[in-house]
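Please read the structure below before turning to the comments.
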Amino acid sequence: MFRRFRLIALALPFLAGCFTSETLNSPDLSNNNGLFTRFVSIGTSISSGLQSAGINDSTQKRAFPVLVAQQAGASFSRPSLNMPGCPAPFTNNVTQARVGGPGAPPCSLRETPIPYNVGNLAVPGLTTPDLFTNVGSPTSTYERLQVFFLGGQTPWNAVKSAQPTLLSIEIGSSDVIGAVASAGNPGDPDSTTPYPEFALNYTRFADSVATLNTRVVAFTIPDVTQIPYTSRGSTYWCLFTGLCPGVTKQFPPTFSVNNNCAPNAAILGSKGDSILVPWTIGVAGLLRASSPPFTPFTLDCSNTLQVVTPAEYAYVRNTTDQMNQLIRDQAALRGWALVDAGLIFTQLQTQQGGIPAFPSLAAVPTGGSINFGTWFSLDGFHPSSATHRVVADSMIAVINRKFTTQIPAVP
């Protein structure tokens, strides 16, 4: 079973920096009646502000909890990372160039002095089994971020220590995204937290939060099968054959797509509409086939090392539905405000070009990046700054309705 773990041994050198108690003017909380006196956010890479496969102070500033706090007039500190980041975000997803260039360190660590009270406790890769632990192995750059961000505490202990008056809970997307983004086996069910384990840990966390005197805004989990990190097998087949209505043949002869990727409407019995192909496999193969030495590539939608199969696709969606129902039930039981993340991403489908069925490669021949549209960053699955603004406005609207506040939308 895939897990994200933490390395406690790394805590000591990074906690050696002095802490400072921030001396700030009293914030104006008149538009929220003091609800934001101590606003705290716990969540995943989305809440933390990770974009384009990296995170630094620049992306952290654009995270939706930061934007919401600004609109509420609240004091809200974050565990700011030095530039260029930990890791630095992509500047080009084709060449894999990152902010800071090839000489930049893989992790530039936290800025000092460290804020005494950190409001944004979100950690990239945070899953429900991680909520009450910080011990394990192996360790990657993202796993180390829990140490950097939470100072060796477990997520629950960090939340409890913060004593929030308002808590944002955005948890669950990392429990399912691993299946879609698994590098070795796209769709691998073992990269998803099993629903019983998710339910146990989420409920335990909700029970723990109930011991605090805090209001809560919870988020459901977006449908990770709808993000542009993957395209449907049928989309590849249509672009390869030119046999679908309104679609012209676009792929070079060195790139082929098997008929098992076709939509059922074109070839009876084919299941290409419920097969997902990560761009890191399909688009990467297309680019290799399109440029010297023109390495041939065949997309085979029965190859589990290339695609998310129909059975895996169904498993991810069904598991997400189960998890979301639990979140809704917990929110209703406990009187939490609830933001429907899935609805937000559904609405983005109709705005400013929507979520593309296939990424744009128009800039690639001149050295540019693969483009995933307005709403997603250069990795294809983390939201862009524009999306964070939409999420912030959705959260503000929910808070205003639930708690009769008057927080203005993001300008």
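The values are calculated or read from the model by the stated rules, or taken from the named source; none is laboratory data. It should be emphasised that the depicted structure is a prediction, and the values quoted were computed from it without experimental measurement. Backbone-built Cβ (ideal geometry, glycine too); neighbour counts: all protein chains shown.
Restricting attention to the stretch 311-320, does a residue exist that is acidic (D, E), under 27 Å from H388 (Cα atoms) and in a helix (DSSP H, G or I)? Looking for residues that are acidic (D, E), under 27 Å from H388 (Cα atoms) and in a helix (DSSP H, G or I), one finds none in the stretch 311-320, hence no. For the stretch 200-213, the set of residues classified as in contact with a helix residue (DSSP H, G or I) (Cβ under 9 Å, 6 or more places away or on another chain), closer than 19 Å to G335 by Cβ and surrounded by fewer than 22 Cβ atoms within 10 Å (Cβ to Cβ) consists of T203, R204, F205, A206, S208, V209, A210, T211, L212, listed by residue number. When the stretch 4-55 is filtered for residues that are at pLDDT below 50 and in a loop (DSSP other than H, G, I, E, B), the ones remaining, listed by number, are R4, F5, R6, L7, A16, G17, C18, S21, E22, T23, L24. Quick test of your reading of the structure: G285 fulfils all but one of (1) surrounded by fewer than 17 Cβ atoms within 10 Å (Cβ to Cβ); (2) more than 25 Å from I221 (Cβ to Cβ); (3) free of Cβ contacts under 8 Å to residues at least 40 places away in the same chain. Name the failing condition by number. Of everything listed in (1) surrounded by fewer than 17 Cβ atoms within 10 Å (Cβ to Cβ); (2) more than 25 Å from I221 (Cβ to Cβ); (3) free of Cβ contacts under 8 Å to residues at least 40 places away in the same chain, G285 misses just condition (1). The one condition from (1) among the β-branched types (V, I, T); (2) closer than 24 Å to T320 by Cβ; (3) at pLDDT below 90 that I169 does not meet is (3).
Looking at D273, D321, just one residue is free of Cβ contacts under 8 Å to residues at least 40 places away in the same chain and among the acidic types (D, E), and that residue is D321. When F381 is tested against (1) within 25 Å of V123 (Cβ to Cβ); (2) at pLDDT 95 or above; (3) surrounded by 17 or more Cβ atoms within 10 Å (Cβ to Cβ), just one condition goes unmet, and that condition is (2). In the stretch 384-393 there is at least one residue matching the filter, namely being touching a residue at least 12 places away in the same chain (Cβ under 8 Å), closer than 29 Å to V283 by Cα and not in a helix (DSSP H, G or I).
Residues in the stretch 145-157 that are surrounded by fewer than 22 Cβ atoms within 10 Å (Cβ to Cβ) and modelled with pLDDT under 95: 5 in all. Of all the listed residues (C244, C238), the sole one being crowded, with 20+ Cβ neighbours inside 10 Å and not assigned by TED's automatic domain parsing to the domain that holds V159 is C238. For the residues A284, A311, A265, A341, the requirement of being closer than 30 Å to R215 by Cβ and not polar (S, T, N, Q) singles out A341.
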